[in-house]
Every structure is written in C-alpha cells, then in structure tokens.
Amino acid sequence: MICPTCNASNRDDAKFCKSCGQPLSLQPAPASRTDSGDDVSSTSVAVQEEASPSTVQQMTEEQKPEHLHVEESTSIDQEPTLILTPEKMIAYQSKLWQKQLEHNESFANDSLEVGTPQDQLAAQHENTAGPSAILATGGTEQAQTVDSTPDVAEMPTVDIAGMPTVDIQTTAGAEEIPPPPPQTDVVATSEQSTSPDESAVDASHEGQKEQIIHDTEVTSATSEEEKSEAMQEPSDQQESAASTNSFPILSVGDQVLERYEITQVLSEDAQEHIYQVIDHQGYQHCWNCGSDQNAEGDEFCINCGASMLDVPYTMREYSTEQASEESNGHVEDAHVLQGTIVNTFVDHGHTYVVEQQQVEQNPFPNGVQLLAAANSDAGDVRRSEPNEDSTLLLLLQRVHESVSTPSGVFIVADGLGGHDNGQVASRMTINIIAERLLRELLSEPLISEKNGEPPKKFDEDAMVTLFHDAVEDANTALCQKNQLDKTDMGSTITGFMVVGEHAFILNVGDSRTYMLRGKQLYQLTTDHSLVGQLVAGGLIEPDDVYTHPQRSQIYRSLGDKPNVQIDIFKQELLPGDILLSCSDGLWEMVRNPQIESILDNAPEPETACAQFIETANANGGEDNVSAVIVFVR
C-alpha cells in the first residue's frame, strides 16, 4: 500500500504510514444501526456538518460531486444525525482527502457560478455522503431542520482520544483540505450510544465543531478515569517488574567506584539491595584498627599488621526515593545497621553504605606471629648490689601449612629487696614455672605428635589451671625454703602466657603488665601494695604512688604464705598489640606517658627494652630495672 502523503510503501494491512504516520485509506465496514436509531457499536460519535448557501455557491460544479461523493452502499445523506464509529469516520475523512488531492490540481482554477439556484445545488449533492448529509436549502423542511438545534445532553458520547478533529474547510477560493494529523491508538468505551432527535441538525458550522470537541473532551476524561482506576491495582508481578526496572540489582563481579566488587547478593527488595563485597582498596581504611596511613600496594596494615587483602564487607544500596526519605526522617521502618560503618557514598544517584560485617572474623588468618625480647639492669643507685630481678622468655613458635601457632611464657620476677637472698627467690620462681610449663605446655604436645597420638587440647579453664598451678608450685617451694632455712625471702611476679590468639595475664605484688593498643596504653594488672589500695580508695592521687613514703610496702607476694591469692585473667590479642611486663624499678622511674611513647615508636622489642633501661637510669635509676616485651603480629 502506497501512502498518499509521502508515497512510502507500506504493508497491505497497515493502518498508518510507517514513514510519516498519516492514516492510510481503508474501506470502512457499514455501521450497524437499529430502526430506532440506536447504534449497536460499542463506540460511536455524532458528527454534524452543515454548509451555508453562501458558502456552497462558491464551490465549482465539478468539484462538488468529486469532493464529497461516496459510494451508494455507504451513503448516509438521508439521516438527520449521523452515528459513525471512529474507524468509519477516519476512513471517510481519508477518502475525502484522497479525492481532493486527485482533483485539486485540475480544478484549482475553476470557480462556482454565483447565481446557482439552491435547489440546483441540492440536486447536485444528491447521493453525497459527508459529515453533514443535509445541506441548508430554501425549503420548509430544511428550515425546520436548521431551527431544531440538538440538545447537548442528548448527543452520544464517544471516546476518540487521540483522534483528529473533523474539520472540512469550505472557504472561498476552494482552498486545499489539510490532511488529518497523525493518528494515535483509539481507545473504545463500553457504553452504548443513543441517537438524539433525528430531526435535530445544527445550523452553524462552528457550533458543530464545538459540539464534537465537547463530546470528545468529556469522553476522553471518562476514558482517562477508567484507565487510572485500572492501573491503581497492579499485580504483584507487574509491581515487581516495575521496581526492578527502576532500581536494578547489581550482578556478582560488578564493581562500584572501581573499588568494591560484588561477591554475593544477600537480599533485595524494592528500595534496598544488600551485597557482600570485597574492598580492592583496603589500604585506605584498615578493617582492624581503622588506620588510614597505609599506601597502595600494602598487603598488611603498617599500624596493626592486619591483612588487608580481600576482606569482606557488607554493602547496602538504597534507591533514590529510599535515601531521600531516610535523610528526611520519613521512613517509619528504617533499616538498622548491625555492623560498623566504614564508608558512605553516592554513585549514579544511588546511596551506598559499606559496613564491616558483624560476624566474627579471624584477625590472624595466617596465625599469630610474636616478636619478643627481655632485658634487665641493676640500676644506677644499686649498681654495686646483686640484681634481684629475673626474667623468663620461653617461646615455641611453629609454622605448619603457612599458619603460625605460638606458645610462650613471659615473666618478670622481682626478689624482695632488703631481705636475704632476694635474687635467689626470683630465680627459683622463674625456674619452677619454666620447668612445668616447658614440660606440659610445650614438650608434651611435641611428644604426642612424635608418637602419632593426638596432642592434648587446652581449653580456657585448662590454661588458667596450668598457669595457676605453676605459680603455686613456685610459691610452695619458696615457703618450704623459708621454713627450712629460717629465712623470709620472697618475690613478686607478673607476666603472661600466650597460646594462640589469647594471653593469660598473671600478677602477684606490685610489678606491672601493660598493653599498648591503638596508641593507647592500658595497665592490665592491679598493684597489691599499700599505695595501690590508697589510690583505689580515693585517699591519695594516682601520682602520689611515685613519692609516697610507704610506696614499697606490699601485702601480697610469693613465699609469704602457702595459700597465696594469684590474679590470672584472659586477654584477647589483636594484630598490633604490644605487651610489656616490668618490675617496679621501671614504672616508678618511667611514667606512663613515656612508656606509651617508647612502645609506640620502637621498631622492635629489643630497641624498646634498651630505651626503657636507659630512660629509667636517666630518671634516677633507684631500683633494678627489668622488662619483657612482646610485639603481636
């Protein structure tokens, strides 16, 4: 089928041109109609056109029949009011338009005879089918028809949303009839039309157009309401599809900001998606200590030693609407984040929240690495006297299948000054504890593996019991020595036993164990001394312990009585932790701020030990100075 407007070739069943969009000529089916004038079509339109005698006289005799002629089978000029379906009206207008194009050029210069009688004009228009089948003439019947203006309420209502308005121009000079505008889909209503009074014809062409426009607007509004009601209750499937299109889910392998790679889709709904991601730029924020001092290419945190490769996070993606509502506080069921938020950003209009997963992660994926050192000095004041301090550094660190599993004991024992054989008491304490722990904690598992037996498993209670019994053995030995030799020697003791990722802290007396974590110094032990009790009771200030005249008086030590109370508690370790056990000769000469600074800046334990001894002697060196330091990696 050739388009009459642009001459484009279309399929035979095409209704509109694929090139210009104009409607194509179709032969309309006869409109079904009852004797009473009721249209049985589900959709109808009342079209009324009328031409005044003065206008008709300006038309040429040849142009009139060619312009308005329609086949006999579709002639409806005898009907006072036409009831046309939208398809029939479109086809009718297209036919008129084609006829006009075919004959317009040959009759463009012809003019109507000015004195043409009206009855002759009416005869020439016989069998003419058009929007108005009754033309005004000088007869009585025509006059009555013109005078009978139809009531708007009685006109049929038709939904012709998107249809072109019928406008046949009959102006002087036989101007061209413009082609109808591009046609959109016609929406039909389910109402039945009722014919108005058959004798009613509008005498005014402008009134006719207004009536058609009015009917079209009313019906279009009705159709829009029906469509709106139909769309108010979409199915769950349609709603889900719409939400998915407006808020698409990311796929596994996608990257956001070229940094967060999707490894798993955890959940999705209309306004929030939850993913598991890995951070390819983990160096920007250490998941363990929060340090931002690392650089690209660092595999481990320079602050805490935690591995920063492929650490999983939870990433939440919010739609634009959800993010806006939550920012304004309008969301009643706001999502509660369970983890620690490490990053938030907006990308392509969506808001993202990255949080560290709440599930417990292994901070030591390759096991625990320990760096340890110990040192002791008599001090400047007591340089000529025996050093009554003793230290123990017992470390077994094996690596199997790239996983390090350390076991170690780190102790400082300070023989009681002013008593006989203080150095003997500290040495006995260290030796007895080392002998038992070496046998049960270190040797027995190795022997079991050698014999093909499963190694002995130590749970938390077993570890505490073992450590307590070893110290109690030392206390019993000292008490027995004092009883046999009639002496009162004794020793304080502090330190820790490390097994895997935990340390078991020990203390009896006024020696101390500290831990540096995240540049913050913590005193883990409590002094069993008189000044310690005074500080705890609020009777003196903490700084008074350094100068109080009774600062050397303690109320708990090994060798004093058989059933000594021993403080033992567990401390979980993290990469970057630094543990320090020291005698009172160190912490009395080196205050906590200096201890914190030395531990934080020392590159390895040996350097820290040397700096502590040097600083303690520089600050007075009044007592023996001993330190055991362990860096956790």
Peptide ranges 425-437, 371-383 listed from the most packed, as the mean C-beta count within 10 angstrom indicates: 425-437, 371-383
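Which of rounded, prolate or oblate describes the range 388-574 when judged by the alpha-carbon gyration tensor and an a/c cut-off of 1.5?
Numbers: a/c = 2.53, a/b = 1.42, b/c = 1.78.
Oblate shape, in that a/c is at least 1.5 and b/c is the bigger or equal ratio.
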Separation between the I447 and T320 pseudo-spin-labels, each 7 Å from Cα along Cα→Cβ, expressed in nm? 7.5
Over the alpha-carbon set of the range 365-424, work out the extent along each principal axis and list the three values in angstrom, largest first. 51, 21, 12
How much net charge surrounds S307 when only the other residues with a Cβ under 14 Å from the Cβ of S307 are counted, with Lys and Arg +1 and Asp and Glu -1? -3
Show the residues, 5+ positions off or on another chain, whose built amide H is closer than 5 Å to the amide H of A306. C301
Only Cα pairs under 8 Å and at least 6 apart count here; give the relative contact order of the range 388-574 as a rounded whole percent. 22
Which residues qualify? For S404, with a placed amide H closer than 5 Å and at least 5 residues away or on another chain, they are G367, V368
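Give me the net charge of V535's neighbourhood, meaning all other residues with Cβ under 9 Å from the Cβ of V535; Lys, Arg count +1, Asp, Glu -1.
-3
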So for the range 494-633, using the alpha carbon gyration tensor with a ≥ b ≥ c as root eigenvalues (a/c under 1.5 gives rounded; past that, a/b versus b/c decides prolate or oblate), I'd call it oblate
Cα centroid distance between the range 609-631 and the range 387-417, in Å? 18
Stretch gain in nm, segment I341-H280, where the contour uses 0.36 nm per residue and the Cα spacing is subtracted: 20.3 nm
For I568, what residues show an amide H to amide H distance below 5 Å, using hydrogens built from the backbone and excluding near sequence neighbours? none
Env charge @ A434, Cβ radius under 12 Å, K,R +1 / D,E -1, value 0
So how much slack lies between D269 and Q480, counting 0.36 nm per residue of separation and subtracting their Cα-Cα distance, in nm? 68.6 nm
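Only the coordinates and a few stated rules stand behind these numbers; no lab work does. Here the structure is a predicted model, which is why all the values come from computation and not from measurement. Quick reminder, even Gly has a Cβ in these numbers, built from the backbone with ideal geometry, and neighbours come from all protein chains shown.
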